[in-house]
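Worksheet: one structure, shown below.
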Amino acid sequence: MKKTLALVLALVLICGCFMACASGIDPDNPVIGTWTLTRAKAQGIELTASDIGVDMQLTLKANASATLINDGETIDGAKWSFDNNTVSLKAAGQHLYDLVYDGTTLTLTEPESGTDLIFEKN
């Protein structure tokens, strides 16, 4: 019984490591987790997320998938990658956004307006 349990646990660990390696994401990557929009900055003016009435969370999972919750609406199916302190988000094979990681925050610069959306990890 103990040998069977040990074998099952070993297989689970091997599969978990394989899945993490197959995704190309280091499971200890500091950007993995849930990030909440805390503030936005545009033209030198900074406002909190509550000031602008936006409730947004971005979850980056170890399997390279991402979920965005924007004012209660959940958007699944995105993928992410991390290279040179930049998180790249893609959906349906199309590049969506790049977010810059500075060690404590993720910043998405909205391409059309130049507004910085600043996320902090929960």
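The values are calculated or read from the model by the stated rules, or taken from the named source; none is laboratory data. Predicted, not measured: the structure shown is a model, and the values here were computed from it. Cβ: placed from backbone, ideal geometry, glycine included. Neighbour counts: every protein chain shown.
Before moving on, here are some points about what is shown:
- Residue in region 52-71 that is at pLDDT below 95 and part of a helix (DSSP H, G or I) present: yes
- The residues of region 79-121 that are farther than 15 Å from residue 66 by Cβ, among the polar types (S, T, N, Q) and within 14 Å of the chain's Cα centre (by Cα), listed by number, are 85, 104, 105, 107.
- Whenever a residue of region 98-114 is of a type outside the set (A, V, I, L, M, F, W, C), its partners that are surrounded by 10 or more Cβ atoms within 10 Å (Cβ to Cβ) and not in a strand (DSSP E or B), lying with C-beta atoms within less than 8 angstrom and at least six residues away or across chains, give the pairs 101/30; 101/31; 101/85; 102/85; 103/30; 109/115.
- Filtering 115, 48, 86 for residues that are closer than 22 Å to residue 26 by Cβ and surrounded by fewer than 18 Cβ atoms within 10 Å (Cβ to Cβ) leaves a single hit, 86.
- Qualifying residues in region 89-112 (those that are in contact with a Phe, Trp or Tyr (Cβ under 9 Å, 6 or more places away or on another chain) and not in a strand (DSSP E or B)) - the one surrounded by the fewest Cβ atoms within 10 Å (Cβ to Cβ): 111
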